[in-house]
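Okay, structure first, notes after.
Every number in this text was worked out from the coordinates using simple rules, so none of it is lab data. Keep in mind the model is a prediction, meaning the values are calculated, not measured. No Cβ is skipped: glycine too gets one built from the backbone with ideal geometry, and neighbour counts run over all protein chains shown.
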Amino acid sequence: RDPWTQIGYHDQLKLTKSSQTKHEQLEKEVLQKADLIITTSYTTQKKFREKTTTPVEVITNGYDVEQVEMLPMDEKFSLSHIGSLLSGRNPENLWRA
């Protein structure tokens, strides 16, 4: 679903050269042994296609409004974030507000 050795924070892991090589070997092995790879972005699809002959399909994040039960809104303001809040994604202005 997400990149492995090309994910945004991978270079911050400070891996040794041998560890980086091992990650790349494992990634290639996983990609080659899969029957199908599904990712959430066309960018990742392109990157994976450069690394494997396994078919790579995209299913973007989202939902089908026809299949989602619409619940009544509460009387308060609600905000949701579904994902990771890594150091580069820290919404400091939101926390201050």
- Divide by every residue of the chain the summed helix terms, -39500 (n - 2.57) for each DSSP H run of at least 4, and state the resulting mean residue ellipticity at 222 nm, rounded to the nearest 500 deg cm²/dmol. -9000 deg cm²/dmol
- Among (i) 55; (ii) 23; (iii) 35, which is the computed percent of Cα pairs over 21 Å apart? (i)
- Quote the relative contact order of segment 16-64 in percent (integer), defining contacts as alpha-carbon pairs under 8 Å separated by 6+ residues. 36
- Using a Förster distance of 30 angstrom, determine the FRET efficiency expected from the C-beta separation of LEU94 and LEU36, and round it to 0.05. 0.20
- Filtered hits (lysines, Cα-Cα < 25 Å from LYS33, offset >= 8 within chain) -> LYS17, LYS22, LYS46, LYS47, LYS51
- Most fluctuating of ILE82, ILE37, ILE59 in the GNM of the chain (C-alpha, under 10 Å) is ILE82
- Message: Name the residue from ASN93, MET70, TYR9 whose Cα lies farthest towards the positive end of the charge dipole of the chain, charges +1 on Cβ of Lys and Arg and -1 on Cβ of Asp and Glu.
- Response: TYR9
- Query: In the Gaussian network model of the chain, springs joining C-alpha atoms below 10 Å, which of SER18, SER80, SER41 carries the largest mean-square fluctuation?
  - Reply: SER80
- Message: Within segment 1-31, name every residue whose backbone N is under 14 Å away from a label modeled 7 Å from Cα of HIS81 along the Cβ vector.
- Response: none
- Item | Cut-off under 5 Å, modelled amide H: who pairs with THR54 long-range | none
- Message: From Cα pairs below 8 angstrom and at least 6 apart in sequence, can you work out the relative contact order of segment 23-97, rounded to a whole percent?
- Response: 24
- the chain, Gaussian network, Cα under 10 Å: of ASP11, ASP74, ASP35, the residue fluctuating most is ASP74
